[in-house]
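The values are calculated or read from the model by the stated rules, or taken from the named source; none is laboratory data. Just so we're clear, the structure is a prediction, and the values are computed from it rather than from any experiment. No Cβ is skipped: glycine too gets one built from the backbone with ideal geometry, and neighbour counts run over all protein chains shown. The protein model used for the area step is the full one, side chains on, heavy atoms only, and it has no ligands, DNA or RNA in it. Shrake-Rupley method; radii C 1.70, N 1.55, O 1.52, S 1.80 Å.
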Amino acid sequence: MFWEIPGKHRLTQLEFVHVQHNFYGGYAIFGAIAWVFCSVAGLIAGFVFFTINKLLAVYSFIASSGFITCLIIFAFFLNKYNQMIASWSTVLPEDWETIRNYWELCHTVVFVISTVSFIAFTLAYSVIKQSGSISKI
């Protein structure tokens with residue numbers, strides 16, 4: 001995520017639009033579906049684990065809240081920029097670099113939150129794996 005930003009900032013206006021239109025098309029739908037699935041899975045796991053092990057529940061709720069936050073960022077910020085960029089053709093607005101930078105910032109924030117959420121899920125799984133089963137926790 002972070003390592004691609006310098007390269008993207010070297011793209012011309014038309015190169016940037018071409019990359020956006022041809023590469024990122026289906027990611028919004030896939031990402032939203034994945035975030036919904038992970039949010040629901042985390043909530044269910046949190047409630048199931050709450051009576052068994054509070055630490056597992058905390059990890060699950062942290063993961064779920066992170067993915068829910070990603071959905072909120074997508075719904076209220078990122079999707080707006082996706083739609084703007086999707087409507088661009090060969091003529092871009094004068095502030096296209098500002099819009100690009102906000103788009104990149106939203107993706108960076110989502111990347112960090114998703115990474116923390118994934119780590120929380122992984123920690124919950126490692127607690128289960130170390131004990132051998134959920135019933136031994």
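Translational diffusion coefficient of segment 48-137 at 10 °C, 1.306 mPa s, Stokes-Einstein with Kirkwood Rh over Cα pairs, in µm²/s as a whole number. Intermediate results must be reported in sequence, preceding the final value.
Details: Rh = 15.3 Å.
The calculation lands on 104 µm²/s.
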For segment 93-100, Karplus couplings with θ = phi - 60° (6.51, -1.76, 1.60), whole Hz, Gly/Pro x: x, 4, 8, 4, 5, 5, 5, 4
Furthest towards positive pole of dipole, Thr98, Val19, Ala75, structure part the chain, Cβ charges: Ala75
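Calculate, for Lys54 and Ala34, the FRET efficiency according to 1/(1 + (r/R0)^6) with r their C-beta to C-beta distance and R0 22 Å; round to the nearest 0.05.
0.25
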Accessible area per residue in Å² at 1.4 Å probe, computed on the chain: 61
Most mobile listed residue (Val116, Val36, Val19) in the chain, GNM with C-alpha springs under 10 Å: Val19
Rg and Dmax [Cα atoms of segment 1-89; Å; Rg one decimal, Dmax integer]: 17.6, 55
Gaussian network model of the chain, springs between alpha carbon atoms under 10 Å - residue of Asn53, Asn82, Asn22 with greatest fluctuation: Asn22
Segment 1-130 - percent of accessible surface contributed by carbon and sulfur, probe 1.4 Å: 72
